[in-house]
Amino acid sequence: MRKHFFNWTPQDTAQWEAIRRKGLLHFVLWYGIVIFGGILFVILGGLAVLAWIKAYLQEPAAGTAATGAQLAFLGLELLFIAVACLIAGMLNSLLTWAMEEAFYRKMIKRAAPEKP
């Protein structure tokens, strides 16, 4: 969805009002952690696994099974990526909420008739 920042359409307004009714916590959990953080983790975690596989296959003893230390390192790396994606998703959703809410309030204030 491409949104004009200061010139919302009625569809944009209705969509934000529907999101707003569900609340900030739902927005952070769903859009921040699940959507943004999840996609980010899949991309970064996948790259980490591919890099690990490439490094493993280039070792001289590539035919042997991976050692516990190698797998533990990969696990810790994926855990770090997961925590970083969780934090990034939360921060992204909080920033998005604040910006959208500010734009929405400006738009509502502008559309409201002045009372004498």
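The values are calculated or read from the model by the stated rules, or taken from the named source; none is laboratory data. Since the model is a prediction, treat every value here as computed from it, not as a measurement. So basically every Cβ, Gly included, is an ideal-geometry build from the backbone, and we count neighbours across all protein chains shown.
Observations, loosely collected:
- Residue match in the stretch 22-33 (condition: within 27 Å of the chain's Cα centre (by Cα) and among the hydroxyl-bearing types (Ser, Thr, Tyr)): yes
Quick grid of which residues meet (1) basic (Lys, Arg); (2) at pLDDT 85 or above:
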| site | (1), (2) |
| --- | --- |
| 2 | yes, no |
| 7 | no, no |
| 19 | no, yes |
| 22 | yes, yes |
| 31 | no, yes |
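- Meets criteria (part of a helix (DSSP H, G or I), at pLDDT 95 or above and either buried (at least 16 other Cβ atoms within 10 Å of the Cβ) or out of contact with any Gly (no Cβ under 8 Å at 6 or more places or on another chain) (or both)) for residue 103: no
- Just one of the listed residues (37, 45) is in a helix (DSSP H, G or I), surrounded by 14 or more Cβ atoms within 10 Å (Cβ to Cβ) and under 13 Å from the mean Cα position of the chain (by Cα), and it is 37.
- Any hit, the stretch 57-79, residues being part of a helix (DSSP H, G or I), farther than 30 Å from residue 101 by Cβ, without any contact (Cβ under 8 Å) to a residue 40 or more places away in the chain and in contact with a Phe, Trp or Tyr (Cβ under 6 Å, 6 or more places away or on another chain): yes
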